[in-house]
Amino acid sequence: MKDTARDNALYAAFKARDPRFDGRFFVGISSTGVYCRPVCRARLAKRSSCTFFTSAAEAEQAGYRPCLLCRPELAPGNSLVDAESVLARKAARILEENCGSGQRLEELAARLGCSSRHLRRVFLEEYNVTPVQYLQTCRLLLAKNLLTDTSLTEPEIAMAAGFGSLRRMNGLFQKQYNLSPGALRKGTPEKKHNAGALALTLGYRPPYRWKEMLDFLAGRSVAGVEKVDGETYSRVARMENREGKICAGWIRITHQPNKDALIATISGSLISVLPHVLSRIRHLFDLCCEPDAVHETLHVMNEIQPGLCVCGRRVPGSFEPFETAVRAILGQQITVKAASTLAGRMARELGTIVETDIEGLDRAFPTAKDIMNLGNGIQERLGALGIIASRSACIRALAEAVDSGEIRLDQSAAPEMEIKKLQSVRGIGNWTAQYIAMRTMGWPDAFLETDAGVKHALPDHTPRQILEMAERWRPWRSYAVINLWFRGK
């Protein structure tokens, strides 16, 4: 960033330690050689000592080391809205999620539907570093987080962060930070070993309406798979690692408002898929949201009714996209509670048993492949659980499309295109397709004008009038829906 006026504005945000800018830029301090988050509590550096960077990777490529006080690895990510940068930001999220997989740039570009040359160009324009350099920083910062916050051994950390070997991790630490992983760990308090579990801190931009998020998830929880107990969310996790081995375990999420962060406790059995698990937790709890940017657009909702829009409400995402999509299909034309009951029966009868340390959690929801393996007997199996024939057929058709890759339910998908594909599945209408896109793809501009909760919040308007009204709420209409749901209660 070479614009003097802009740099002065960023320095003002840094001086104010404004949490709204956390993760949106980083500050290199020439007098110390470290780079910081805007919220760093260290002694304020002089303006002449500060250089501003778009990403942590750019700061590291310029020769700066991460600050040990504010810990840049804990900074929240950025939301996917700006059309000019959406491709680069999707690529960045995939790199973060797959930093342990060894995915090649050509594979990443193909997944995003573009050439590797084009992806490299837009990524460089957005982050001022190449995808490879960004990936290297993702691995270094994840390793730093694990060294600081867990009791994992250095070889375990090297594998979990995607280095492939301890030697390679040591070499990159020495090259980038001019110290060894062991030297970094010596400067942190000793962590107690907790039966193989590890606890990591995941930051967000305040405010965060944690109670409302838990209420939403509790009302839609699938028995045996997930639960909300007091101020804690827990669930089963099951996924493949880079070698194709199935890893299963559990996660537990709590809130630490004094640090503007969530604490994610993760069972040791999930270490080999740790980047995937962390990415899904961030998505589920919408940790990349920029609440002030959302409220700047949606505050006009309060002209309709005072208090209709409240800053800090998040869009609940998804940990297991297929599970969320099936739950949406089951929820058509029945109550939220009834749909959760049916989903719980599916998990109990068709899901995979998983041993956990959490009472009441012992099932992983069936995958698309599990549903396909039922063959022609799916209607009979689901019918015995109380699921009507048309819903069974719809679930099978969705499972087939997801299993074959025809429909993608993740944040790398193009939501508007996937919505059309979803609507081509018999039994999935606009409401269901929009809801699935909102929760599984992180689509911030989904809208449900025919939804009962939306209509209840705006009783004096027809669905057509609500849809027209919502044009002012773009590109944050998913957040508008959440505000209407909570207001309509």
Next on the checklist: Under 5 Å between amide hydrogens, which residues at least 5 positions from A237 or on another chain qualify, with H placed 1.01 Å from N in the peptide plane?
Outcome noted: G249, W250, I251
Item to check | From phi via Karplus (6.51, -1.76, 1.60), per-residue ³J(HN,Hα) for region 169-177 in Hz, x at Gly/Pro | outcome: 4, 4, x, 6, 4, 5, 5, 8, 10
Checklist entry - Counting only heavy atoms of protein chains, what accessible area per residue, in Å², does the chain have with a probe of 1.4 Å? => result 44
Checklist entry - Cα centroid distance between region 238-267 and region 110-145, in Å? => result 24
Next on the checklist: As I understand it, the dipole of the chain uses +1 on the Cβ of Lys and Arg and -1 on the Cβ of Asp and Glu, about the Cα centre. Which of T265, S165, L179 lies farthest toward its positive end?
Outcome noted: L179
Checklist outcome for this item: Residues other than D22 with Cβ under 12 Å of its Cβ, Lys/Arg counted +1 and Asp/Glu -1, net out at +3
Next on the checklist: Sequence gap at least 6, Cα distance under 8 Å: using those rules, report the relative contact order of the chain to the nearest whole percent.
Outcome noted: 12
Checklist entry - With charges set only on the Cβ (+1 for Lys and Arg, -1 for Asp and Glu), what does the dipole of region 13-161 come to about its Cα centre, in debye to the nearest 20? => result 580
Checklist entry - How much net charge surrounds V39 when only other residues with a Cβ under 15 Å from its Cβ are counted (Lys, Arg +1; Asp, Glu -1)? => result +4
Checklist outcome for this item: Diffing region 113-123: the Karplus 3J(HN,Hα) column from phi (6.51, -1.76, 1.60, θ = phi - 60°), in whole Hz with x for Gly and Pro, holds x, 8, 7, 5, 5, 5, 4, 4, 5, 5, 5
Item to check | Dipole of the chain, positive end: most advanced residue of I353, I466, T432 [Cβ charges, Cα centre] | outcome: I353
Checklist entry - For T450 and Q333 in the same chain, what is the full-extension length gain: residue separation times 0.36 nm, less their Cα-Cα distance, in nm? => result 40.9 nm
Checklist outcome for this item: Magnitude of the Cβ-charge dipole (Lys and Arg +1, Asp and Glu -1) of region 208-315 about the Cα centre, nearest 20 debye, reported as 500
Checklist entry - How far, in degrees from 0 to 90, does helix 210-219 lean away from the longest principal axis of the Cα atoms of the chain, to the nearest 10? => result 30
Checklist entry - By how many degrees, 0 to 90 and rounded to 10, does the Cα axis of helix 86-97 deviate from the longest principal axis of the chain? => result 80
Checklist entry - Using Cα atoms only, what is the angle between the long axis of helix 4-16 and the major principal axis of the chain, expressed in degrees (0 to 90) to the nearest 10? => result 80
Checklist entry - Of the labelled options (1) 65, 63, 54; (2) 67, 52, 46; (3) 77, 61, 37, which one gives Cα extents along the principal axes in Å as computed for this structure? => result (2)
Checklist outcome for this item: Magnitude of the Cβ-charge dipole (Lys and Arg +1, Asp and Glu -1) of the chain about the Cα centre, nearest 20 debye, reported as 920
Checklist entry - Ignoring ligands, DNA and RNA, what percent of the 1.4 Å accessible area of the chain is carbon and sulfur? => result 49
Item to check | Listed residue (L398, V122, S234) projecting farthest to the positive dipole end of the chain, Cβ model | outcome: V122
Checklist entry - When only C-alpha pairs under 8 Å and at least 6 residues apart count, what is the relative contact order of region 267-410, in percent? => result 18
Checklist entry - Rounded to the nearest 5, what % of the DSSP beta bridges within the chain are antiparallel ones? => result 90
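The values are calculated or read from the model by the stated rules, or taken from the named source; none is laboratory data. Source: prediction; values computed, not measured. Positions of Cβ are generated from backbone atoms using ideal geometry, with glycine treated the same way; all protein chains shown enter the neighbour counts. Ligands, DNA and RNA are excluded from the accessible area calculation, which covers all protein heavy atoms including side chains. Shrake-Rupley method; radii C 1.70, N 1.55, O 1.52, S 1.80 Å.
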